[in-house]
Each structure stands twice: as C-alpha cells, then as structure tokens.
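Everything below concerns the one structure shown next.
The values are calculated or read from the model by the stated rules, or taken from the named source; none is laboratory data. Here the structure is a predicted model, which means the values were calculated and not measured. All Cβ positions, even for glycine, are placed from backbone atoms using ideal geometry, and neighbour counts span all protein chains on display. For the accessible areas, the whole protein counts, side chains as well, though only heavy atoms, and no ligand, DNA or RNA atoms are used. Shrake-Rupley method; radii C 1.70, N 1.55, O 1.52, S 1.80 Å.
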Amino acid sequence: MEHHSGDEGHVPSAGVLDQPDYGSAHLHRSRGRSRRKRLRVIACTALGAVLVGGGGLAYAWSHLNGNLKGTDIDAALGSNRPHAGHDGAMNILLLGSDSRAGTHGRYGRGVTGARSDTAMVLHIDKSHRTASVVSIPRDTMVDRPPCAKPSGGTAPGEHQSMFNAAYQAGGPACTVKTVEKMSGVRMDHYLEVDFQGFEKFVDELGGVDITTHRAIKDTSSHLSLSAGRHTLKGEQALALVRTRHGVGDGSDLGRIQLQQTFIKALIHRCESIGVVTNPARAYELADTATRTVSADTGLASADKLLGLAKDLKGISPDHMNMITLPVRYDTQDPGRVLPLTQASHQVWQALHDDRPIPKTATDNSVAARTDSPVSADT
C-alpha cells in the first residue's frame with residue numbers, strides 16, 4: 001500500500017434483543033450464536049474486512065448499514081463487460097488504497113489523491129469450499145481503458161500505464177474496469193480498505209501474530225523487526241504490509257508476499273479471539289469493520305454481507321491458493337513489471353472456468369524467486 005512517489009456509544013449485542021420469541025431458550029441462543037459466527041467469518045476473510053451482529057437489532061443493523069459506503073460500479077461500467085457467471089462462483093476485487101486523508105503526514109508527505117497499492121482478485125469456487133487469490137503488482141504496466149471520473153467527465157485510456165494509477169484516474173470503478181480488461185473475468189464485487197481503517201481494524205483484533213525468519217528494517221515504512229515471533233498491533237501491521245525496501249529486491253513483489261502471509265495470519269487471529277461467545281465484543285468488531293471498508297452497492301449493507309459470510313464460512317487459509325500474477329521485469333524500466341502473456345492467460349482462464357490455477361503458471365515469474373521472510377502463526 002504505497003504511493004510510487006514515496007512510501008506510504010455502546011449498543012447491546014446482536015441476537016439478544018428484538019428477536020422473535022421462538023418459545024425455546026435453547027433455540028434462541030442457538031440462532032444468536034449462528035448469526036454471530038457467520039458475521040465473524042466475513043469480518044476476517046475479505047482482507048480482514050467485515051462484520052458481526054448488533055442489537056437492539058433494528059437499531060444496530062441500521063447503525064452498521066450507516067457505516068458502510070457504497071459505489072455503484074454497475075452503473076459506472078455499463079454493459080460492455082465480461083459476462084457474469086451463473087454457476088455460484090464469485091470474483092471479488094480486494095483493494096488497499098493509499099489515501100493519506102486525515103493522516104497528517106504519518107504515511108508520507110507531498111502525496112495527494114489515492115491509489116490502489118494493494119489489489120487482489122479473490123475467486124470463490126462454485127462449491128464455496130476453496131478460493132484462489134491473485135495479487136496484481138501495483139507496478140504492473142497495463143493498457144488502462146477510458147474511465148468515467150467520479151467528479152464528471154472521462155479519463156482517457158492510456159497505453160502502458162502503471163496499474164495502480166487506475167484508481168487515481170477514476171476511483172474503484174476504474175480499477176475494476178482495468179482488471180476486467182486485462183483478465184477477461186468479471187468482478188462481481190469489490191471491497192476496499194484504506195490506511196487508517198486497516199490500522200484500526202488490527203488494533204480492534206488485539207494484534208496479529210507473525211514470525212520473522214530474519215530481521216526486517218525498512219526506513220521508508222518505519223518497520224524494524226528482529227527475527228522471531230511478534231504480535232503486531234495496527235501501526236506495525238500497516239508498516240509490514242507497506243514494506244518493500246527491507247525485503248527481496250526492494251520491489252513490490254516482496255511486499256506482496258508479506259501481504260499474503262499477513263492475511264492468513266489475520267484470518268487465524270479472527271478465528272481465535274472468541275467473538276462467538278462474546279456478543280458485545282462481536283459488535284465492537286463489527287462497528288470497526290464496517291467503518292473500515294467501502295464496497296460496491298451490491299455488498300454495502302449488513303444483510304448482503306451476511307449472505308456473503310455464509311458463502312465464505314467454510315473456506316480456511318489452508319484452502320486458499322495465493323499467487324502473484326506471473327510477471328517479468330520491464331527492460332525499459334526495471335522498477336516496473338510486465339505480465340507474462342501466456343502464463344497470465346492460464347491464471348485468468350482458470351478463474352473464468354472455475355478451475356484451480358495450474359501450478360506451472362508461475363514457474364517463470366520473477367515473483368516466484370522471492371522467499372517470504374515472514375510466516376503466519378497458527
């Protein structure tokens with residue numbers, strides 16, 4: 001999550017008040033627990049992002065809905081898009097934006113606007129038991145299509161533009177359009193988190209456990225970790241997922257490995273904190289999570305996110321295949337990367353066909369040459 005110009009009232013608990021009287025205390029508790037569990041799962045799966053129930057139920061749902069921000073990407077993109085699938089599989093574009101708004105220079109000065117410095121395509125297979133995650137390096141050179149600007153007018157298309165500039169040109173809808181153009185795969189939804197939201201969410205979880213296999217020091221992200229086990233709170237966690245100069249060859253590729261490892265650790269943390277039996281804690285997490293994310297209008301409500309939670313609850317980190325889009329260094333600019341045409345086609349075709357990504361697709365990618373210095377504690 002880094003700009004290329006410089007590094008980057010309490011309410012009662014859910015399921016307790018305002019439910020119908022089913023005439024059975026056991027059934028009452030069982031349904032409350034079931035709802036809280038479904039909500040917890042989504043809170044941890046989409047980048048960490050989204051929710052748990054609240055109560056007095058009517059007020060709480062309204063409150064959580066009011067936290068969510070939605071963008072109508074279907075209206076912004078029109079009908080000239082890849083066909084939507086109808087077999088139950090789903091593609092969600094996960095974005096981490098580098099907006100510095102309200103940070104008072106904590107993540108770098110002289111940086112305006114926002115870019116999608118973290119982009120991952122989450123593909124959920126039609127059985128909803130496994131998932132594939134494809135990270136797109138922010139420095140990937142792509143042909144960006146013309147995009148409608150949120151403020152009006154059109155941003156013209158650009159040949160060989162940095163991928164993360166699409167967000168700056170036309171917001172999340174433009175990033176979705178760019179991904180669809182380069183992949184031929186329709187994005188059913190998107191979820192986005194920014195710097196401050198990410199930091200608050202990790203703090204609300206009480207930190208995330210990781211192990212470093214060697215010391216990491218990056219003066220740009222202000223991360224300094226010795227080798228060994230660490231519980232990272234929000235500020236350190238953000239520094240980790242922004243770090244690039246302290247790992248690998250200093251490019252975005254090493255940082256992507258840190259991000260993928262951190263997501264797995266984040267999911268494990270969510271599974272271990274016991275919000276199912278602590279509804280007040282669950283609501284606090286939900287409130288923070290729904291303030292943290294933005295989404296398309298198809299997901300920007302508590303009820304719709306509940307439905308997604310049901311789809312995702314059976315997918316553990318062990319059933320997530322995480323890769324980086326196969327790329328090579330740009331000979332014209334070693335700081336940029338270009339997709340490997342045939343290998344990238346294999347990746348996108350696998351998602352389109354709802355098949356596992358072939359292991360051989362990343363064999364010749366420069367991203368496969370970097371070993372992650374961090375592992376997730378489970």
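If amide H atoms are built 1.01 Å from N in the plane of the peptide, which residues on other chains or at least 5 residues away come under 5 Å of the amide H of ASP330?
Long-range HN contacts for ASP330: ARG336, VAL337, LEU338.
Accessible area of LYS304, 1.4 Å probe, to the nearest 10 Å²?
Number for this one is 100 Å².
Shape of the stretch 139-284 from its Cα gyration tensor (a ≥ b ≥ c, root eigenvalues): rounded if a/c is under 1.5, otherwise prolate when a/b > b/c, or oblate?
Working: a/c = 2.51, a/b = 1.49, b/c = 1.69.
Oblate is the answer for the stretch 139-284, as a/c is 1.5 or above yet b/c matches or exceeds a/b.
So, for the stretch 122-199, what is the accessible surface per residue at a probe of 1.4 Å, expressed in square angstrom?
Values: 2620 Å² over 78 residues.
Per residue, the stretch 122-199 has 34 Å² of solvent-accessible surface.
I'd like the accessible area for THR219: 1.4 Å probe, protein heavy atoms, all chains in place, Å² to the nearest 10.
THR219 exposes around 110 Å² with every protein chain in place.
Which distance in nm do the two modelled labels at ARG214 and LYS200 give, with both placed 7 Å along the Cα-to-Cβ direction?
Inter-label distance under the simple model: 3.8 nm.
List the residues, sorted by chain then number, that are 5 or more residues from GLN160 or on another chain and whose placed amide H is less than 5 Å from its amide H.
Hits under the 5 Å cutoff: VAL142, ASP143, ARG144.
Could you please state how large a percent of the accessible area of the stretch 144-264 is carbon and sulfur, counting protein chains only and using a 1.4 Å probe?
46
Quick check: with the 1.4 Å probe, what order do ARG244, ARG369 take by accessible area, largest first?
Heavy-atom accessible area, descending, gives ARG369, ARG244.
Using the Karplus curve 6.51 cos²θ - 1.76 cosθ + 1.60 with θ = phi - 60°, what ³J(HN,Hα) values do you get for each residue of the stretch 215-221, in whole Hz, with x for Gly and Pro?
5, 10, 9, 9, 5, 6, 8
As I understand it, the dipole of the stretch 138-239 uses +1 on the Cβ of Lys and Arg and -1 on the Cβ of Asp and Glu, about the Cα centre. Which of ALA148, GLN160, LEU205 lies farthest toward its positive end?
Checking the options against the dipole of the stretch 138-239, the answer is GLN160.
Provide the gained length on full extension for the span HIS86 to ASP377, in nm with one decimal, where the gain is 0.36 nm per separating residue minus the Cα-Cα distance.
Roughly 101.1 nm would be gained on extension.
Tell me the per residue accessible area of the stretch 202-311 using a 1.4 Å probe; a whole number in Å² is fine.
Accessible area per residue, the stretch 202-311: 36 Å².
Keeping all protein chains in position, work out how much accessible area LYS126 exposes to a 1.4 Å probe, and write it in Å² to the nearest 10.
130
Can you tell me the length gained on complete extension of the stretch GLN332 to ASP249, counting 0.36 nm per residue apart and subtracting the Cα distance?
Stretched fully, the GLN332-ASP249 segment lengthens by 28.1 nm.
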